[in-house]
Amino acid sequence: MKYTSTRPIYGMPIGSSFRISDMSNIDFAIYAVHTLFWWAFVLTRILLSRRDRNEGRATEPLADVPRETAAPFSRALLAFHALAFTAMYVGIGIAVVPHRVPSWFHGQRAIGTLVIEAGAALVVWALLSFRSWRFRAAVDSRHQLATGGPFRLLRHPIYLGLNLLALGSAIWIPTPVMWTAFILMAIGGDLRARAEEALLMQTFGSTYRAYIARTRRFIPGVY
């Protein structure tokens, strides 16, 4: 459909024309894809919380920890990770809202969506296998060492899921800001993973050392 303007529209000169289809912006769909990612996370946590209340959490000590102990610099590392999320969502906004998403290759949006939803599936799988998850890395006397589900293959599937969220977003919106956000996300996840491993080594000793010996941090068989 073609429309001829009789007055300036968004700075267009009088008499210029535009197509109604030009007013649509398919890249706003990335917000829907991110919403699905976070709703999968939130709903899984809600359902697991209800399950734990119904079943009753074990009260006997599972770890030799007299009181809750946090990983070194856990708050600073959490803040660094938050910086990566901020960069990612700022990068999405400054590219999508003004309709300035670069064209990288045909199908970049579809590939980006698949990578993001793969991250969501991995996060949900990890949460289903790990009852002791929390935002800040810490352990207490009821902390459970997760070795099942995706933890059989890698030690930090949730952080990998977040990396996939950032990677898929950068594939969809391949701008310097988005790739910087992905790098920050990967660094933040790696730093938090290392801090958690030091804490779990201290808490579970030889059991955790044996687990580390047969798994990789993020990529099975590689790293």
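Every number here is computed from the coordinates shown, using simple stated rules; none is lab data. All values derive from a computational prediction rather than experimental measurement. Positions of Cβ are backbone-derived with ideal geometry, glycine not excepted, and every protein chain shown enters the neighbour counts.
Pick from Pro98, Pro150, Pro102: which is more than 13 Å from the chain's Cα centre (by Cα), touching a residue at least 24 places away in the same chain (Cβ under 8 Å) and exposed (fewer than 13 other Cβ atoms within 10 Å of the Cβ)? Can you show your working first?
Details: Pro98 fails: touching a residue at least 24 places away in the same chain (Cβ under 8 Å); Pro150 fails: exposed (fewer than 13 other Cβ atoms within 10 Å of the Cβ).
When all the criteria are applied, what remains is Pro102.
Applying the selection to region 34-53, what residues are surrounded by 12 or more Cβ atoms within 10 Å (Cβ to Cβ) and either free of Cβ contacts under 8 Å to residues at least 60 places away in the same chain or not in a helix (DSSP H, G or I) (or both)?
Answer for region 34-53, where residues must be surrounded by 12 or more Cβ atoms within 10 Å (Cβ to Cβ) and either free of Cβ contacts under 8 Å to residues at least 60 places away in the same chain or not in a helix (DSSP H, G or I) (or both): Trp38, Leu47.
Checking the structure you have, find out if any residue of region 167-177 is surrounded by 18 or more Cβ atoms within 10 Å (Cβ to Cβ) and under 15 Å from Val123 (Cα atoms).
yes
Scan region 107-123 and tell me whether some residue there is surrounded by fewer than 13 Cβ atoms within 10 Å (Cβ to Cβ) and without any contact (Cβ under 8 Å) to a residue 60 or more places away in the chain. Explain how you work it out, then say what you get.
The first filter runs over region 107-123 and keeps only residues surrounded by fewer than 13 Cβ atoms within 10 Å (Cβ to Cβ), leaving 107, 110.
This time we only want the ones that are without any contact (Cβ under 8 Å) to a residue 60 or more places away in the chain, so: 107, 110.
Yes, region 107-123 contains a residue that is surrounded by fewer than 13 Cβ atoms within 10 Å (Cβ to Cβ) and without any contact (Cβ under 8 Å) to a residue 60 or more places away in the chain.
For the subset of region 209-219 comprising residues that are in a helix (DSSP H, G or I) and of a type in the set (A, V, I, L, M, F, W, C), which member is farthest from the chain's Cα centre (by Cα)? Show your work before the answer.
Going residue by residue through region 209-219, those that are in a helix (DSSP H, G or I) are 209-213.
Add one more test, that the residue is of a type in the set (A, V, I, L, M, F, W, C), and what stays is 210, 212-213.
Details: Ala210: 28, Ile212: 23, Ala213: 26 Å.
Here the residue is Ala210.
Listed here are the residues, each with its yes/no results for (1) closer than 21 Å to Ala87 by Cβ; (2) touching an Asp or Glu at 6+ places or on another chain (Cβ under 8 Å); (3) among the charged types (D, E, K, R); (4) not in a helix (DSSP H, G or I).
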position	(1), (2), (3), (4)
Leu128	no, no, no, no
Ile158	yes, no, no, no
Ala166	yes, no, no, no
Thr180	yes, no, no, no
Ile183	yes, no, no, no
Glu196	no, no, yes, no
Met201	no, no, no, no
Thr207	no, no, no, no
